[in-house]
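The values are calculated or read from the model by the stated rules, or taken from the named source; none is laboratory data. Since we're looking at a predicted model, the values are computed, not measured. Glycine also receives a Cβ, built like all others from the backbone with ideal geometry; neighbour counts cover every protein chain displayed.
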Amino acid sequence: MRGDLKAAPPVEPGHARRVRPSRRRRKQDRVAYLFLLPWLMGLLFFVIGPIILSFVLSLTNYNFITTTEFVGASNYKALPADFNFRNAVWITFKYILLSVPIYAVVGLGLALLLNLRVRGMNLFRTILFLPSVLSGVAVAILWVTLLNPDFGAVNWLLRHLGLSNPPRWLASPEWAVPSVVLIGLWSIGGGAIIYLAGLQNIPAHLYEAVSLDGAGYWGRFRYVTLPMLTPTLLFVILTGLIDAFQVFDVAYVLQGAQGSLGASLNFYLVNLYDEAFTNGRFGYGSALAWVMIIVAAAAILLLFKTSGRWVYYEYDPNR
Amino acid sequence: MKRMKRSSGGALMAILALVIAACTSSPSGSSSGSGNSGQSTGPVTLTVWYYNESGPDVNFMHAIIAAFEKKYPNTTIDLTVYPENNYITKINTAFAVKSAPDVANVYDQMEWLKAGKFLALDSYLQQNNIDVSSFNQGVMSQCTLDSNVYCLGSYAGAVVMFYNRSMFREAGIQDLSATTPLSVSEYVQDAARLTDKAKDVWGTAFGTPVTWLPFTTVVSSDGKTATGVVDSPQTILLYQQLADATRQGSAPTPSTMDAWNQGIDFFAQGKLGMVIGTLGGVNEIEHNHISYGVAPTPVPAGSQPYIATFSNTFGVTSESAHPQQAEEFVAFLGSPEAQLLREKMVGDIPISGDVAQQSGWASAGEAAGRQEALQVVGLAHPSVYIPTVWDVVGPLFDGFNEMVGGQTAQSVLTKAAPQIQSNLDRAWTDWNQIQAPS
């Protein structure tokens, strides 16, 4: 193998010579494709097919029980006038605005604490990480009880701390979304572990250098930790953003606990599910799905585009 | 090399065959198929889909199937029970891929009836001299479209108000009428008098008001207009009175108690003076030796009684390959034999008033309360129809929570009215697009 590499002539970019593969190589390729075929068919029938079909459906009035007709862009045009759509967009947007920065900052803070050299730190790390391995449904049911405005543990504590009129949490449309953010905080350990991995990858000599320059704790954080963590921060914000667009299980369970029909936790995907599967408006539901995909993709692209200005890659050859 | 080629080709064909087989095989091995392809003469298996979340109901289904199979030995029933919250989706998707069962619970989906997804039973009922005129009118209105009957049930379930006679006497309140409902203002006044915080007794408990108040408090009598009705002074007053009663402690808040699931339990423990719940709670109340009465649910002052009803309404899907046997099964579910079995096993009131009177349902427990229950159920009548009703009135669920949290009914209902109207317009547009097959 080493000999082959040694013997291979250097290839300059732009001058690669197309070499016709040998018969043996072609046969190997065919066998490889044959083994790949089940996966490719799965991709075709269960991923690409439904994606194309959902776009086609979004241009129809398909609703299970009536004759399907092509309606052009009517489903898309109807969206702005739909209260449930506007409400779902607002709730999801509110959740993104609250959750993404809060989870990013709190996760980082926790990771900094977990990075301290304290006795029993592994135990603390395990305890903090445990909630993030629990199922979202179980967590939601637990928090429905904890956040009960009348006899929940959270309000009991707040009343004992002197707050006579604590929030009604999930029973109040104003507090419902912040409650979901609060519930998500409980599982912040997963994000903190990613930050922790990033923190432990920062070379010690950078801290030594900045300390020699007279930097204190804040200086070390400002000029070493934060810049070196920006790739991790980008990853956490990106996954947080995608997760925020995909809120479903917790909201669905919490909404059920509130009577299943309230609109205060009607996140975008919950609304999409209701429209498509409960109300049977499959064409309209498909239009909702495409709008979400386009908006989410635009948000992710925007994040990537701005990342060049604030994400520092240690080995970035362009810098 | 050739052998390799042949084996590659063979593997490819095998994979393709597997995929095609997987994509085209029937979801069940039953003889039920798509299309109304004629009558079977030999043994027949009927697929029956149903939703339920409680044990006694499922036990009844198994018992009634056993009785049916004994009477019709050539027919076997293949029952599938789904969770209630998935049921509509299951049926809709089955209709979409033409794999619907022979018999299914119609739920409250009049859309299915309008779209011709279920067969009208009138000819069968007429040919077999089955008279449904004594069946509960509230329930039958959910099975009837354009004067055609599409489904039958075995019992008359209803939302009623139970009250504790002993507590009423102690509070100096007269027993309630079984035919004339309280007005909402009388109801909240009685609830305040019955409340005894020292003994942890609430005057009453009720689910979100839209679930038991007449729908005419939300929409016009033709079901088409919500603005000006749900935010009318009359409806605002009703909601404000009920929210105030909750805030003042005469009734538990929705977060303290889910009245639909726990109200009967608390009433049976003597912790509630009144409760709005379903008639199925009678057995539990009697088991706990509570002296109770039954009254219609409160209404706006001067309104007619409104009793929300429900049943296990089954119909024959238009895709059934064995419609005759399927009709026999549905008719059997509505027969006196099935009604009496239901009464015996679950304790429900038979759907036929005549069967209920003859069966002695009223004398099976506390006679006075049960007689009142029969009278109250008899008050049920067809209600204003709203397509996808719970989706349309959704904002009222959060809305009542907001009122209990301190907002005024005026501000909440004024905000909710255009939302409900928007939902309503869309529901009627969808309804109007449904066309029965020619």
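Would you tally the residues in segment A:108-138 being more than 13 Å from A:I188 (Cα to Cα) and among the aliphatic types (A, V, I, L, M)?
8
For A:V19, work out the one condition from (1) modelled with pLDDT under 95; (2) in a helix (DSSP H, G or I); (3) of a type in the set (A, V, I, L, M, F, W, C) it doesn't fulfil.
It is condition (2) that A:V19 fails.
For segment A:173-182, indicate whether the set of residues that are touching a residue at least 40 places away in the same chain (Cβ under 8 Å), over 23 Å from the mean Cα position of the chain (by Cα) and surrounded by 16 or more Cβ atoms within 10 Å (Cβ to Cβ) is non-empty.
yes
I'm checking my understanding of the structure. Among residues of segment B:116-136 that are part of a helix (DSSP H, G or I) and touching a residue at least 60 places away in the same chain (Cβ under 8 Å), which one is farthest from the other protein chains (Cβ to nearest Cβ)?
Within segment B:116-136, the subset part of a helix (DSSP H, G or I) is B:122-127.
Now drop any that are not touching a residue at least 60 places away in the same chain (Cβ under 8 Å), which leaves B:124-125.
Numbers: B:Y124: 23, B:L125: 25 Å.
Only one residue tops the list, namely B:L125.
If you scan segment B:401-419, which residues turn out to be facing chain A (nearest Cβ under 9 Å), in contact (Cβ under 8 Å) with a residue 40 or more places away in the chain and crowded, with 20+ Cβ neighbours inside 10 Å?
B:N401, B:V404
How many residues, within segment A:120-159, are assigned to a loop (DSSP other than H, G, I, E, B), over 22 Å from the mean Cα position of the chain (by Cα) and not small (G, A, S)?
Going residue by residue through segment A:120-159, those that are assigned to a loop (DSSP other than H, G, I, E, B) are A:120, A:134-135, A:147-152.
Those still in the list that are over 22 Å from the mean Cα position of the chain (by Cα) too: A:120, A:147-152.
Among the residues that remain, those that are also not small (G, A, S) are: A:147-151.
Number of matching residues: 5.
More than 14 Å from chain B (Cβ to nearest Cβ) and assigned to a loop (DSSP other than H, G, I, E, B): which single residue out of A:G198, A:G184, A:G162, A:G191 fits that description?
Details: A:G198 fails: assigned to a loop (DSSP other than H, G, I, E, B); A:G184 fails: assigned to a loop (DSSP other than H, G, I, E, B); A:G191 fails: assigned to a loop (DSSP other than H, G, I, E, B).
Matching residue, one of A:G198, A:G184, A:G162, A:G191: A:G162.
If you scan segment A:216-258, which residues turn out to be of a type in the set (V, I, T) and either buried (at least 16 other Cβ atoms within 10 Å of the Cβ) or farther than 30 Å from A:A138 by Cβ (or both)?
If we filter segment A:216-258 for residues that are of a type in the set (V, I, T), which is where we start, we get A:224-225, A:230, A:232, A:236-237, A:239, A:242, A:247, A:250, A:253.
Hits for segment A:216-258 are A:V224, A:T225, A:T230, A:T232, A:V236, A:I237, A:V247, A:V250, A:V253.
Filter segment B:132-155 down to residues that are aromatic (F, W, Y) and in contact with a Leu (Cβ under 8 Å, 6 or more places away or on another chain), then give me how many there are. Before you say what the answer is, go through the steps one by one.
Going through segment B:132-155, the residues aromatic (F, W, Y) turn out to be B:135, B:150, B:155.
In the following step, the residues that additionally are in contact with a Leu (Cβ under 8 Å, 6 or more places away or on another chain) were identified as B:135, B:150.
Selection size over segment B:132-155: 2.
Note down all Cβ pairs under 8 Å where the first residue falls in segment A:62-85 and is over 18 Å from B:W431 (Cα atoms) and in contact (Cβ under 8 Å) with a residue 40 or more places away in the chain, the second is outside any loop (DSSP other than H, G, I, E, B) and β-branched (V, I, T), and they're at least six residues apart or on different chains.
Correct list of pairs: A:Y76/A:V291; A:L79/A:V291.
Being surrounded by 15 or more Cβ atoms within 10 Å (Cβ to Cβ), assigned to a helix (DSSP H, G or I) and free of Cβ contacts under 8 Å to residues at least 40 places away in the same chain is the requirement here; does A:V89 meet it? Give the derivation first.
Working: surrounded by 15 or more Cβ atoms within 10 Å (Cβ to Cβ): yes; assigned to a helix (DSSP H, G or I): yes; free of Cβ contacts under 8 Å to residues at least 40 places away in the same chain: no.
Here the answer is no, as A:V89 does not meet what is asked.
Hey, can you tell me all the residues within segment B:249-295 that are surrounded by fewer than 18 Cβ atoms within 10 Å (Cβ to Cβ), farther than 20 Å from B:T195 by Cβ and either acidic (D, E) or in contact with a helix residue (DSSP H, G or I) (Cβ under 6 Å, 6 or more places away or on another chain) (or both)?
Listed by number, the residues that qualify are B:E284, B:N288.
In a helix (DSSP H, G or I) and within 20 Å of B:Y107 (Cα to Cα): which single residue out of B:E319, B:E327 fits that description? Write out each step before concluding.
Working: B:E319 fails: in a helix (DSSP H, G or I).
Residue meeting the stated conditions: B:E327.
Cβ contacts < 7 Å: first residue within 14 Å of another protein chain (Cβ to nearest Cβ), restricted to segment B:205-226; second residue of a type in the set (S, T, N, Q) and not in a loop (DSSP other than H, G, I, E, B), any location; separation 6+ or different chain. Result?
Note: pairs meeting the criteria are B:A226/B:Q421.
Any residue in segment B:423-438 that is more than 9 Å from chain A (Cβ to nearest Cβ) sitting within a Cβ distance under 8 Å of a residue that is among the charged types (D, E, K, R) and surrounded by 11 or more Cβ atoms within 10 Å (Cβ to Cβ)? List the pairs, counting only those 6 or more apart or interchain.
Cβ pairs passing all conditions: B:L424/B:K224; B:W428/B:K224; B:W431/B:E111; B:W431/B:K114; B:A436/B:K114.
Just the residues that are at pLDDT below 95 and part of a loop (DSSP other than H, G, I, E, B), please, taken from segment B:48-72.
B:N52, B:E53, B:S54 - these are the residues of segment B:48-72 that are at pLDDT below 95 and part of a loop (DSSP other than H, G, I, E, B).
Could you grab me the full set of residues in segment B:201-245 that are within 13 Å of B:A409 (Cα to Cα), part of a helix (DSSP H, G or I) and not small (G, A, S)?
Listed by number, the residues that qualify are B:P209, B:P233, B:Q234, B:T235, B:I236, B:L237, B:L238, B:Y239, B:Q240, B:Q241, B:L242, B:D244.
Of all residues being more than 27 Å from B:K90 (Cβ to Cβ) and outside any loop (DSSP other than H, G, I, E, B) in segment A:47-77, which is nearest to the other protein chains (Cβ to nearest Cβ)? Just the residue, please. Let's see the steps before the verdict.
Pass one, segment A:47-77, residues more than 27 Å from B:K90 (Cβ to Cβ): A:70, A:72-74, A:76-77.
When the remaining residues are screened for being outside any loop (DSSP other than H, G, I, E, B), the result is A:70, A:74, A:76-77.
Numbers: A:F70: 14, A:S74: 11, A:Y76: 15, A:K77: 14 Å.
Filtering segment A:47-77 for residues that are more than 27 Å from B:K90 (Cβ to Cβ) and outside any loop (DSSP other than H, G, I, E, B), the one nearest to the other protein chains (Cβ to nearest Cβ) comes out as A:S74.
Can you name every residue in segment B:386-427 that is under 21 Å from the mean Cα position of the chain (by Cα), part of a helix (DSSP H, G or I) and not aliphatic (A, V, I, L, M)? Spell out the reasoning first.
Of segment B:386-427, the ones under 21 Å from the mean Cα position of the chain (by Cα) are B:386-397, B:424, B:427.
Then drop every residue that is not part of a helix (DSSP H, G or I), which leaves B:389-392, B:395-397, B:424, B:427.
Within segment B:386-427, B:W390, B:D391, B:P395, B:F397 qualify.
Taking the stated definitions as given, is B:W390 free of Cβ contacts under 8 Å to residues at least 24 places away in the same chain and more than 14 Å from chain A (Cβ to nearest Cβ)?
Values: free of Cβ contacts under 8 Å to residues at least 24 places away in the same chain: yes; more than 14 Å from chain A (Cβ to nearest Cβ): no.
No; evaluated as a whole, the condition is false for this residue.
Would you be able to say whether some residue in segment B:343-353 is at pLDDT below 90, in a helix (DSSP H, G or I) and not polar (S, T, N, Q)?
Of segment B:343-353, the ones at pLDDT below 90 are none.
No - not one qualifying residue is present in segment B:343-353.
Among (1) surrounded by fewer than 16 Cβ atoms within 10 Å (Cβ to Cβ); (2) away from every other protein chain (no Cβ under 14 Å), where does B:V97 come up short?
(2)
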